[in-house]
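This report concerns only the one structure given below.
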Amino acid sequence: MRRYNRSQLRQLWPVSDMTVWRAERQGGFPEHVTINRRNYWPADEVDAWLAARAQAPARKADNVATGLR
């Protein structure tokens, strides 16, 4: 199973750590796995989430969370 570390995740979805944390807590973003005190996200789940997000129409709340206007 491939996993993305924090820097790889930021390259795919350039948002703050707090935004990632909020997305996880709201249940939309894949939960991270902690290995040796480092966070990793399942690559297949993140890729699927990003693909679904790209296909969905933009909502105002999404734009605020990602810093887009």
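Every read-out reported here was derived from the displayed coordinates using simple, explicitly stated rules and does not represent laboratory data. These figures come from a predicted structure and were not determined experimentally. Ideal geometry is used to build each Cβ from the backbone, glycine not excepted, and the neighbour counts take in all protein chains shown.
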- Could you go through segment 9-19 in sequence order and give the Karplus-derived ³J(HN,Hα) for each residue, using 6.51 cos²θ - 1.76 cosθ + 1.60 with θ = phi - 60°, rounded to whole Hz, and x for Gly and Pro? 4, 4, 5, 7, 9, x, 10, 6, 4, 5, 5
- Message: Net charge around residue 21, counting only other residues with Cβ within less than 14 Å of its Cβ (Lys, Arg = +1; Asp, Glu = -1)?
- Response: +1
- Dipole-positive endmost among 20, 46, 56 within segment 2-60 (Cβ charges, Cα centre): 20
